[in-house]
1. Where in region 128-160 does the amide nitrogen come within less than 19 Å of the point 7 Å from the Cα of Lys74, taken along Cα to Cβ?
2. Please enumerate, by chain and number, the lysines with C-alpha under 19 Å from the C-alpha of Lys287, excluding those fewer than 8 residues away in the same chain.
3. Assuming R0 = 30 Å, can you tell me the calculated FRET efficiency for the pair Ala176 and Thr263, based on Cβ-Cβ distance, to the nearest 0.05?
4. Using a Förster distance of 35 Å, how high is the FRET efficiency between Leu101 and Leu371, based on the Cβ-Cβ distance and rounded to 0.05?
5. Please give the length that would be gained between Phe440 and Leu185 if that part of the chain were fully extended, namely 0.36 nm times their separation in residues minus their C-alpha to C-alpha distance (nm, one decimal).
6. How far apart, in nm, are the 7 Å Cα→Cβ label points at Gln144 and Lys210?
7. Once label points are set 7 Å from the Cα along Cα→Cβ at both Phe203 and Leu465, what is their separation, rounded to one decimal in nm?
8. What are the residues whose amide H is under 5 Å from the amide H of Ile211, where those residues sit 5 or more places off or on another chain and H is modelled from the backbone?
Amino acid sequence: MGIVLNQSFKNTISTYLGFGIGAINTLFLYTNFLTDTYYGLVAFLLSAANIMMPFMAFGVHNAIIKYYSTFKTKNSVNSFLTLMLFLPFVFIIPATIVGWLSYESLSSLLSKENNIAGNYLWYIFILAVAMAYFEIFFAWSKVQLKTVFGNVMKEIFHRVAIMILLFSVYLEWLTADQFILALVLVYVLRMVIMKLYAYTVRFPKLKFQKIKGISSIIKYSLLMIVAGSVAMLILDIDKFMIGLMQENIEEVAYYSVAIFIATVIAVPQRSMHQIMMPLTAKYLNEKDIGSLENLYKRSSISLLVVSGFIFLLIILNINELYKILPEEFTGGLFVVLLVSLAKLYDNSLGNNNAILFNSDYYKMVLFFGVLLAVLAIVLNFIFIPVYGIEGSAFATFLAIVVYNSVKLLFVKQKLNMQPFSIATLKIGVLLLVIALAMFFWDFSFHPFINIALKSIIIVIVYFTLVLWLNISEDISTQIKKYLKL
């Protein structure tokens with residue numbers, strides 16, 4: 001247990017540090033050191049590569065984690081890892097051939113609305129392969145219970161490198177085109193370093209022998225391709241479609257900044273998810289429905305309290321934050337509001353995803369995910385041409401609300417439980433009252449000072465009322481422990 005707690009703590013630190021560096025890059029350096037066109041291009045290339053990544057990985061990074069421990073002999077382990085190293089080429093080689101033969105057509109498709117995007121087609125492909133094999137080598141080290149170095153590479157390395165590259169652009173050591181090439185090389189370098197580390201943990205010995213249960217492994221990998229594609233599609237389809245459908249690719253940059261601000265709300269859920277998954281699995285395996293329902297409600301209200309606090313910090317400081325950013329980025333207020341509300345609803349479901357993934361209904365997650373992806377694409381096609389980035393935000397909001405509502409109703413129908421209680425109503429009213437009372441009120445100092453002062457007031461008012469109303473027993477206990485009450 002000690003190794004789990006130790007690595008979990010270190011990984012949490014590196015994740016938050018990486019997120020902070022990413023915030024500096026996204027909100028300040030990209031917006032000031034690159035033109036809007038090139039920032040939009042960077043966001044478009046990374047989104048497209050993220051969408052392609054699950055296909056390039058061929059589900060191998062998931063299969064390694066699931067099946068590695070089932071092989072007990074050296075020969076079987078080596079045969080399995082050899083398969084995992086080469087399996088992605090089943091997709092990469094045909095994709096390379098198709099890309100080579102259809103380069104002009106694909107380039108013209110990307111350039112239909114944005115002439116600049118078509119010139120970087122191979123960058124998307126190289127980024128996707130680098131991202132895919134990074135995840136594979138990270139999984140390679142995970143199964144050896146070595147996660148800290150990989151998490152640093154995943155969360156910090158490329159963000160620090162990009163920060164250095166952005167300053168190089170500012171100092172005119174690099175042009176914008178050279179920056180984009182260097183960015184691609186950073187992802188390739190990250191993959192190579194992760195490979196070298198993974199090989200120091202366990203050096204591969206190529207072994208081409210028949211593997212027991214290979215059909216199950218292939219089926220699982222294929223399923224994970226679809227699941228991973230859906231997950232990446234949900235995260236990046238809006239930015240990709242804005243770049244594809246809007247004449248001005250800088251719109252992707254404006255949207256990316258607004259989305260980054262709003263997705264801060266998702267951080268608590270990512271952290272708590274690591275704890276909720278094993279607990280949920282334990283209760284389901286033991287058929288302890290009472291404890292599972294208790295965890296469902298407690299995780300929902302705890303996440304809602306914490307994410308609600310972050311929601312208030314964002315919404316009530318957004319006007320001051322936009323004063324710091326270049327003026328052209330200030331049109332994303334509606335995007336921030338809608339996506340923040342969607343993420344808040346996401347958090348309110350507590351361990352709903354963990355219940356679905358660990359129950360007998362895990363395949364329904366994939367089914368619901370595909371429905372969400374289709375819905376998101378259709379809604380983006382409808383709203384982007386009419387309303388631009390605000391239309392994409394509205395499409396994302398609607399898709400997430402429908403997706404979460406379907407999952408909520410499914411768990412209610414199959415397991416007869418739901419996460420909401422009177423405490424949910426209390427926190428909802430509290431968030432609404434504080435938001436309405438403080439949204440139109442700001443100090444008259446420098447924006448940084450205004451944000452700091454208003455945030456201090458929000459902290460005091462919000463958590464005093466949360467404690468007084470005893471909305472969450474877990475949160476109240478932590479507050480009292482911290483304040484030694």
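Values in this text are rule-based calculations from the coordinates and carry no lab data. Note that this is a predicted model, so its numbers are computed, not measured. Every residue, glycine as well, gets a Cβ built from its backbone with ideal geometry; the counts of neighbours run over all protein chains shown.
1. Inside the label zone: 144.
2. The qualifying lysines are Lys297, Lys412, Lys414.
3. Values: r = 26 Å, r/R0 = 0.86.
Using R0 = 30 Å, I get an efficiency of 0.70.
4. Working: r = 33 Å, r/R0 = 0.96.
Computed FRET efficiency for Leu101 and Leu371: 0.55.
5. Numbers: separation 255, 0.36 × 255 = 91.80 nm, distance 4.53 nm.
Value of the extension gain: 87.3 nm.
6. So the label points at Gln144 and Lys210 sit 3.0 nm apart.
7. Going by the 7 Å Cα→Cβ label model, 6.3 nm.
8. Residues meeting the amide H criterion: none.
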